[in-house]
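The values are calculated or read from the model by the stated rules, or taken from the named source; none is laboratory data. These numbers were taken from a predicted model, which means no experiment stands behind them. Cβ sites come from the backbone with ideal geometry, for glycine too, and all protein chains shown count toward neighbours. Accessible surface is based on the protein model in full, side chains and every heavy atom, while ligands, DNA and RNA are left aside. Shrake-Rupley method; radii C 1.70, N 1.55, O 1.52, S 1.80 Å.
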Amino acid sequence: MPSSAGSASEPPAPAESLRVRNLITDVPGLRVGNATDPHIGTGVTVVLCDAPAVAAVDVRGGGPGTRETDLLDPAATVERADAITLSGGSAFGLDAASGVMAGLAARGRGFAVGTAKVPIVPGAILFDLLNGGDKGWEAHPPYTQLGRDALEAADLDFTLGSVGAGTGCTTATVKGGLGSASAIAASGHVVGAVVAVNAAGSPLFGDGPQFRAAPYERDGEFGGLGLPPALSQALADEVIHPHLKGGISRFSTTIAVVATDATLTTVQARRLAIMAQNGLALSLYPVHTPLDGDVVFALSTEKRPLEVPLPDLARLGALASVVLARAVARAIFAATRLPFPDCQKTWHDHFAP
């Protein structure tokens with residue numbers, strides 16, 4: 001299997017020396033690229049690992065669409081991934097990983113099997129086929145090329161909102177999108193997340209405008225609105241009458257990648273993904289429904305060892321859940337409206353003065 005010992009043996013960068021973008025790319029060793037087709041109303045987001053990264057996944061939704069997730073079982077042979085692909089397009093979007101694989105193969109990347117190299121590119125998809133865009137691609141779905149384009153665009157800085165896998169996203173109340181956030185743990189480890197929010201539920205308390213992730217907001221990153229003044233009543237009302245997308249015709253799914261520079265095993269990375277799923281529960285309600293295919297991948301770039309593995313991992317998992325919750329709200333706050341008749345309004349359409 002490809003070795004990442006070189007990255008693991010590098011001295012860790014002091015946390016205070018890191019440039020904080022408030023993006024998953026604050027985790028050293030990762031870049032992100034988006035490819036967007038505004039005519040179709042869809043896109044692809046690729047998380048590219050500079051060197052193969054320890055990878056795991058946790059699947060919670062009732063209707064997931066995934067590729068190569070069985071390979072990420074801790075009992076499987078391959079422990080590391082070259083990239084993770086998040087895509088619109090429902091099952092058509094699984095082709096995005098093929099485009100990423102082709103691009104990585106051209107760079108000589110991949111799991112070595114004799115003289116052959118096979119890029120390891122797990123992925124997940126969301127349903128955006130009914131958002132108003134032109135989906136009449138017949139025998140030529142666009143996702144293989146979108147995957148290749150997203151790979152070529154991978155960089156440390158990237159755009160949030162209605163781009164990449166977040167382009168055609170919707171929620172029960174306001175338009176979804178692509179979000180990202182990061183934080184530095186007390187131990188010095190960096191945790192980041194990127195998420196495409198296409199939830200069956202709502203990211204808002206009641207009818208809004210306050211975000212469910214409000215308690216975890218930093219520096220007004222999604223408007224600084226705080227909690228609703230009548231929080232207990234808002235919670236009581238939504239338990240009885242939760243917001244949900246109308247009908248089975250509006251399938252959903254929130255798909256995400258969380259990452260850390262901490263050195264993790266595949267078992268530990270799986271635990272990070274499991275704990276990070278709580279971030280969806282902190283920022284969306286209801287979540288993990290029969291109409292969602294919620295998937296969270298976890299990556300370890302192995303730059304900084306854990307000093308005390310069990311408590312350090314528990315703290316990283318808790319932080320990952322908060323970072324993912326913030327990324328969800330940032331996705332909603334950054335989303336822009338698609339140029340189609342009857343497309344869903346954004347948070348700003350509803351609430352901006």
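At a glance:
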{"item": "Within the chain: Cβ-based charge dipole about Cα centre, in debye rounded to nearest 20 (Lys, Arg +1; Asp, Glu -1)", "result": "80"}
{"item": "Net lengthening on full extension, His350/Asp219 (0.36 nm per residue, minus Cα-Cα)", "result": "44.9 nm"}
{"item": "Dipole of the range 24-351, positive end: most advanced residue of Ala186, Gly108, Pro203 [Cβ charges, Cα centre]", "result": "Ala186"}
{"item": "Unit charges on C-beta of K, R, D, E only; dipole of the range 43-202, Debye", "result": "40"}
{"item": "Helix runs (DSSP H) in the chain reaching 20 Å along axis by Cα, Kyte-Doolittle at least 1.0", "result": "309-334"}
{"item": "Phi to ³J(HN,Hα) by Karplus 6.51 cos²θ - 1.76 cosθ + 1.60 over the range 167-178, Hz, x for Gly, Pro", "result": "3, x, 6, 9, 9, 5, 10, 9, 5, x, x, 9"}
{"item": "Relative packing of 157-163, 221-227, 134-140, which averages over residues the other C-beta atoms within 10 Å, highest first", "result": "157-163, 221-227, 134-140"}
{"item": "17 Å reach of a label modelled at Leu310, 7 Å along Cα-to-Cβ, counting backbone N of the range 269-302", "result": "269, 271-272"}
{"item": "Alpha-carbon Debye profile of the range 24-351, log10 I(q)/I(0) at 0.10, 0.16 Å⁻¹", "result": "-0.50, -1.29"}
{"item": "Net dipole in debye of the range 69-111 [+1 Lys, Arg Cβ; -1 Asp, Glu Cβ; about Cα centre; nearest 20]", "result": "220"}
{"item": "Residue with peak Gaussian network fluctuation, the chain [Cα springs, cutoff 10 Å], from Leu272, Leu146, Leu129", "result": "Leu129"}
{"item": "Å² per residue, accessible surface of the range 81-203 at 1.4 Å", "result": "30"}
{"item": "Fluctuation leader among Lys245, Lys303, Lys175 - the chain, Gaussian network, Cα springs under 10 angstrom", "result": "Lys245"}
{"item": "Difference of contour (0.36 nm per residue) and Cα-Cα distance, Asp70 to Ser232", "result": "54.2 nm"}
{"item": "Cα-derived Rg to Rh of the range 141-260, Kirkwood definition", "result": "1.02"}
{"item": "Accessible surface, per residue, of the range 256-349 when the full set of protein chains is kept, probe 1.4 Å, Å²", "result": "35"}
{"item": "Carbon + sulfur, % of accessible area of the chain - ligands and nucleic acids excluded, 1.4 Å", "result": "56"}
